[in-house]
Amino acid sequence: MEASAGLVAGSHNRNELVVIHNHEEPKPLKNLDGQFCEICGDQIGLTVEGDLFVACNECGFPACRPCYEYERREGTQNCPQCKTRYKRLRGSPRVEGDEDEEDIDDIEHEFNIDDEHNKQNHSAESMLYGKMSYGRGPDDDENGRFPPVIAGGHSRHVSGEFPAGGEHGLHKRVHPYPSSEAGSERWDDKKEGGWRERMDDWKLQQGNLGPEPDDDPDMGLIDEARQPLSRKVPIASSKINPYRMVIVARLVILAVFLRYRLLNPVHDALGLWLTSVICEIWFAVSWILDQFPKWFPIDRETYLDRLSLRYEREGEPNMLAPVDVFVSTVDPMKEPPLVTSNTVLSILAMDYPVDKISCYVSDDGASMLTFDSLAETAEFARKWVPFCKKFSIEPRAPEMYFTLKIDYLKDKVQPTFVKERRAMKREYEEFKVRINALVAKASKVPLEGNNTKDHPGMIQVFLGSNGGFDVEGHELPRLVYVSREKRPGFQHHKKAGAMNALVRVAGVLTNAPFMLNLDCDHYVNNCKAVREAMCFLMDPQIGKKVCYVQFPQRFDGIDRHDRYANRNTVFFDINMKALDGIQGPVYVGTGCVFKRQALYGYEPPKGPKRPKMISCGCCPCFGRRRKSKHESNGDIAGGAEGDKEHLMSEMNFEQKFGQSSIFVTSTLMEDGGVPPSSSPAVLLKEAIHVISCGYEDKTEWGTELGWIYGSITEDILTGFKMHCRGWRSIYCMPKRAAFKGSAPINLSDRLNQVLRWALGSVEIFFSRHSPLWYGYKGGKLKWLERFAYANTTIYPFTSIPLLAYCILPAICLLTDKFIMPPISTFASLFFIALFGSIIATGILELRWSGVSIEEWWRNEQFWVIGGISAHLFAVVQGLLKILAGIDTNFTVTSKATDDDDFGELYAFKWTTLLIPPTTVLIINIVGVVAGISDAINNGYQSWGPLFGKLFFSFWVIVHLYPFLKGLMGRQNRTPTIVVIWSILLASIFSLLWVRIDPFVMKTKGPDTSMCGINC
């Protein structure tokens, strides 16, 4: 900090430096007469000679005489700061240990600068230079004026000292400013448990504890700012303990049930029995992988007021960390420009310092339509952003705000609000007309310009430091358009490659230490969402090891009953919350704030480890084995150098990050920022270089750095690599949803979306990054976290046993056989206990998570629908890609919505994914009809065995009911092609079973040879 930047002032009581700029009013500071004890807050007082009392001659820690005497008599006898043993001062009683010291009763020669020992003072002053602050005696300035600071044309560095003016010289007492350096230690009552309470009790007995009339009113705010910015909120034991007990009981019951099934085969239907047992064993393994990561669910709370008190102090520069926001889009016909514009507008209007926000829009299709619409968005932002901040509206995406069916006058007391709102709505309608005109022109007349697969890199700064002002003259956040270079013959890696290009461009231009990535249809629904994330990432306690903060996905435009489980509430409110109690949630592709250093492949900082008991190695039960000399030297070498220093000495940075000296330099700046000597023209030129299509060749991008390549679901891989390095993630669920997006409510679009996710999981399963065999080195990935990642890659394979299990009830009805033998009363208890434990687990899970039973049931239904359609096709396509090299095209999910409410819900779009569920549905319906008809023909004795078969068949039909409604559409009419294909497959399947084992039982009549024909 330079003196020319403004007036430097401070408060010894608050232990901080304050920079007051020319345009700011100086804050009144408390009178600096005297010093205050860091332990109890009382004035330190003077000695008999009138000098300031100094308890510790080594570090000058401010402590009053009562605290000094109490510590010598009943405490550790050491200085709380430097841990040096207190020496006996004049007038203090002797205590045990004083006999070892020289018999000197005064310290009058300790600070005598004319003494022959003045060398020690000079060495202490040089050691404290830049880190220590000299105290001021009571006679220096009776009125507490500011110390004179030269702030003219000459600039000099301020070391943190208060220079004495006039005839005043330096005084004896020195003590450090804890905020002067990140690694400096400070005295805190938390370090010595109960110290402040013991001192208060002792002073109360001595009569020294009284009111403090001169207490600084700002101390309460400072104490509040020092508190943690967030905290864990454990689930109530009354909810979580029964849940865990039921899980254990269900595991035991499941083992007993499977043992019974294996030991009791069905001899007349061995094929059906063996198939069902294999399916049940697979379901048990899948349940274990899904259930046990839910063992430690937690909630979290954030304190935004403490964040502001700590990093946004009045009269000081804003210390909140800068954030780069990434928005990715590909095809403007499937991702409408109006949707992208609303997302960008909500980002620019966030409640965050404008100079700390930079929005980068990646146009991976190099579309002129996206470029032109973004230019219109930048112009409209000059009017929209000040309107949002003036009236504090939510949400700050104009389309969603103006379509809200709420009382917009609630809590709005400004008399001009109604008038300005109407004017702004007219402005937005005109903006929509311009955007829609661009879309109409692009759809009718192909735009001349860039080839989406062969074009140079393009960067356009729409809003920035020059010209980036709104209609009221206030600065706007940066808005940058980026389209990376694409050429034939290069592998571009789809979305993951586009995100890595954004990381490099932002690293060159702004280099914020944190990055928020959003899909083009996920707008900012909570303007304080980034502040919520900063409560974790900027927390000095937990922020150092946090790689990203993931927010749950919430959606607009979904029908009230959520027919196809688009909200995915079970995953976001149960699974993700449970993973937060282990090592953190998985990365889900959007709504996530990253730490840039974690994306660069660095490992988290290593904290100090507690010493462990060392044994000789002969008895493994006590302590750990004594390390050899070679191992110890290796540990010392590894601990002495940080992760970055190790990388700097071991490898070439350009081979790791690419051939860009400016970008490589930015990777070493943990707090972000760009070199001040770089001109904007040079930075833009370098930004074009880092998005060239050959920049990543022979580097670690996509393998160890940034978004990881190798799967169309790059989000799972990226988060998995970070967790394997030892990082942890945080799940943040604010009361108001942070981000909201759109979901494909149409059945065909929904199945295609699930197909893409499942195919990505299959690709990860067969890759080198599979959680089954990757990441064991170092043991930094916790086992329950590994279970969760393994489940994300294995779940598509559950479609095969699930499909078989859905067909088994129909086969049993058609063949008059069953998968289980006749059971006894005792054996029936196994089935009752198993179904009871399943129901109890679900109920208790809903109890601690807050998920409704309807949402849980929709999730169960779509698990069957997606399992026998999209997941099955994903397994087939994945195997074809691995074995035959047949790749599948990546399809972007359409974000367009129908003008009619939920009109897209009833639209039918043909896809082969509809054939397997329809076939299973028809087969089960045919089986139910055949089974009931057969029971009617054979009498009442056939109804008993029929009930078990009907139960399983109805289980399948009920789970497929939403699929049946989707086939019928608005007119309740199934498309002809689906009916033809399904009936054809069902007929072939039924005839095959008729040929193998006819399901019509032969009626056994009386034996005519015994009693004659007239019997």
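The values are calculated or read from the model by the stated rules, or taken from the named source; none is laboratory data. Bear in mind that the values here come from a model prediction, so they are computed numbers and not experimental data. All Cβ positions, glycine included, derive from the backbone under ideal geometry; neighbour counts span all protein chains shown. Keep in mind that these areas ignore ligands, DNA and RNA; they rest on the heavy atoms of the full protein, side chains included. Shrake-Rupley method; radii C 1.70, N 1.55, O 1.52, S 1.80 Å.
In the set (1) surrounded by fewer than 20 Cβ atoms within 10 Å (Cβ to Cβ); (2) modelled with pLDDT of 90 or more; (3) farther than 21 Å from Glu472 by Cα; (4) not basic (Lys, Arg), Glu379 fails one condition alone, (3). Going residue by residue through region 477-496, is there one that turns out to be open to solvent by 20 Å² or more (accessible area, probe 1.4 Å), aromatic (Phe, Trp, Tyr) and not in a strand (DSSP E or B)? Yes, because at least one residue in region 477-496 is open to solvent by 20 Å² or more (accessible area, probe 1.4 Å), aromatic (Phe, Trp, Tyr) and not in a strand (DSSP E or B). Would a scan of region 710-717 turn up a residue that is on the phi > 0 side of the Ramachandran plot and either among the polar types (S, T, N, Q) or buried (at least 24 other Cβ atoms within 10 Å of the Cβ) (or both)? Taking every residue of region 710-717 in turn, none turns out to be on the phi > 0 side of the Ramachandran plot and either among the polar types (S, T, N, Q) or buried (at least 24 other Cβ atoms within 10 Å of the Cβ) (or both).
Looking at Arg259, Arg310, which one is open to solvent by 20 Å² or more (accessible area, probe 1.4 Å), touching a residue at least 40 places away in the same chain (Cβ under 8 Å) and part of a helix (DSSP H, G or I)? Give the steps one after another, and end with the answer.
On the way: Arg259 fails: touching a residue at least 40 places away in the same chain (Cβ under 8 Å).
Checking each option against the conditions leaves just Arg310.
Taking only region 690-742 into account, find how many residues are among the β-branched types (Val, Ile, Thr), outside any loop (DSSP other than H, G, I, E, B) and assigned by the TED database to the domain that holds Ile574. Break it down stepwise before answering.
Filtering region 690-742 for residues among the β-branched types (Val, Ile, Thr) gives 690-691, 699, 703, 708, 712-713, 716, 718, 730.
Narrowing further to those that are outside any loop (DSSP other than H, G, I, E, B): 690, 716, 718, 730.
If we keep only those that are assigned by the TED database to the domain that holds Ile574 too, we end up with 716, 718, 730.
The qualifying residues number 3.
Every test in (1) more than 31 Å from the chain's Cα centre (by Cα); (2) under 30 Å from Ile240 (Cα atoms); (3) open to solvent by 30 Å² or more (accessible area, probe 1.4 Å) is passed by Leu254 save one, and that test is (3). When region 812-846 is examined, which residues are found to be more than 30 Å from Phe292 (Cβ to Cβ) and touching a Phe, Trp or Tyr at 6+ places or on another chain (Cβ under 6 Å)? Within region 812-846, Cys812, Leu814, Thr815, Asp816 qualify. Is it the case that Arg226 is of a type in the set (D, E, K, R) and at pLDDT 60 or above? Yes, satisfied.
Among residues belonging to region 317-326 that are in contact with a helix residue (DSSP H, G or I) (Cβ under 6 Å, 6 or more places away or on another chain) and either β-branched (Val, Ile, Thr) or touching a residue at least 24 places away in the same chain (Cβ under 8 Å) (or both), point out the one that is most open to solvent (accessible area, probe 1.4 Å).
The initial filter retains those residues of region 317-326 that are in contact with a helix residue (DSSP H, G or I) (Cβ under 6 Å, 6 or more places away or on another chain), namely 319-320, 322-326.
Filter again for either β-branched (Val, Ile, Thr) or touching a residue at least 24 places away in the same chain (Cβ under 8 Å) (or both), leaving 320, 322-326.
Working: Leu320: 2, Pro322: 43, Val323: 1, Asp324: 2, Val325: 0, Phe326: 1 Å².
The selected residue is Pro322.
One residue is enough: does region 19-35 have a residue meeting the conditions at pLDDT 75 or above, assigned to a loop (DSSP other than H, G, I, E, B), more than 27 Å from Pro317 (Cα to Cα) and open to solvent by less than 20 Å² (accessible area, probe 1.4 Å)? There is no residue in region 19-35 that is at pLDDT 75 or above, assigned to a loop (DSSP other than H, G, I, E, B), more than 27 Å from Pro317 (Cα to Cα) and open to solvent by less than 20 Å² (accessible area, probe 1.4 Å). Quick check: is even one residue across region 278-287 touching a Pro at 6+ places or on another chain (Cβ under 9 Å), of a type in the set (Val, Ile, Thr) and open to solvent by less than 50 Å² (accessible area, probe 1.4 Å)? No, every residue in region 278-287 fails to be touching a Pro at 6+ places or on another chain (Cβ under 9 Å), of a type in the set (Val, Ile, Thr) and open to solvent by less than 50 Å² (accessible area, probe 1.4 Å).
Scanning region 810-836 for residues that are within 46 Å of the chain's Cα centre (by Cα) and open to solvent by 60 Å² or more (accessible area, probe 1.4 Å) yields Leu829, Ile832, Phe835.
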